[in-house]
Amino acid sequence: MSINIGINGFGRIGRLVMRMAKDKPNINVVAINDPFIPVDYMEYMYKYDTVHGKCGQVVTHDKEGSSITVDGNSIKVFDELDPSNIAWGSAGADYVIE
């Protein structure tokens, strides 16, 4: 059984959670919320982390569709200041990691 997660905040910890999830076949990141980081910069920060190095995955973004794609898996990106206003389930998230 797979677990679909959302990540609230894409700073150092949010990116580490996403890196950890790539090695766990039963964990899928389906949504990210960060009101302070544009989706194109999310792609860049995930690809080239200053501490952990390159992610080793194919990462792209869709600014108009508000998503990033990692190894062919699309991840919905929200920019909501109050995460309780997000319908995380609409992206398929079972759990949200803060």
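The values are calculated or read from the model by the stated rules, or taken from the named source; none is laboratory data. All of these numbers come straight from a predicted model, not from anything done at the bench. Backbone-built Cβ (ideal geometry, glycine too); neighbour counts: all protein chains shown. The accessibility values were calculated without ligands, DNA or RNA, using every heavy atom of the protein model including side chains. Shrake-Rupley method; radii C 1.70, N 1.55, O 1.52, S 1.80 Å.
If you find the alpha carbon centre of region 15-32 and of region 80-98, how far apart are they in angstrom?
Each part's Cα centre sits 15 Å from the other's.
Hey, in the GNM for the chain with a 10 angstrom Cα cutoff, which one of GLU80, GLU64, GLU43 fluctuates hardest?
Fluctuation is largest for GLU64.
Net charge near GLY6: determine it from the other residues with C-beta under 12 Å of the C-beta of GLY6, scoring Lys and Arg +1 and Asp and Glu -1.
Taking every other residue near GLY6 into account, the sum is -3.
Take the Cβ-Cβ distance between ASN85 and ARG12 as r, set R0 to 25 Å, and report the resulting FRET efficiency rounded to the nearest 0.05.
Computed FRET efficiency for ASN85 and ARG12 comes out at 0.55.
Hey, which aspartates and glutamates would be in cross-link range of LYS63, C-alpha to C-alpha under 18 Å, not counting anything within fewer than 8 residues on its own chain?
Straight-line reach from LYS63, under 18 Å: ASP34, ASP40, GLU43, ASP71, ASP79, GLU80.
Looking at the chain only, what percent of DSSP beta bridges run antiparallel? Nearest 5 please.
Antiparallel: roughly 45 percent of the beta bridges in the chain.
Which whole-Hz couplings ³J(HN,Hα) result when phi for each residue of region 37-50 is put into the Karplus expression 6.51 cos²θ - 1.76 cosθ + 1.60, θ = phi - 60°, listed in order with x for Gly and Pro?
10, x, 4, 5, 6, 4, 4, 4, 5, 5, 5, 10, 6, 5
Amide H neighbours of PHE78 under 5 Å, counting only residues 5+ apart in sequence or on other chains, H built in-plane at 1.01 Å?
Here the answer is ILE32, ASN33, ASP34, since their amide H atoms fall under 5 Å of that of PHE78.
By how many nm would the segment from ILE97 to THR69 lengthen if fully extended, with 0.36 nm per residue of separation less the alpha-carbon distance?
8.2 nm
Per residue, how large is the accessible surface of the chain? Use a 1.4 angstrom probe and give square angstrom.
So the chain comes to 58 Å² accessible per residue, rounded to a whole number.
Out of GLY92, GLN57, ASN8, whose Cα points farthest toward the positive end of the dipole of the chain (charges: +1 Lys, Arg; -1 Asp, Glu; placed on Cβ)?
Farthest towards the positive pole: GLN57.
For the chain, which whole percent of the accessible surface, found with a 1.4 angstrom probe, sits on carbon and sulfur atoms?
After summing per-atom areas, the C and S share lands at 53 percent.
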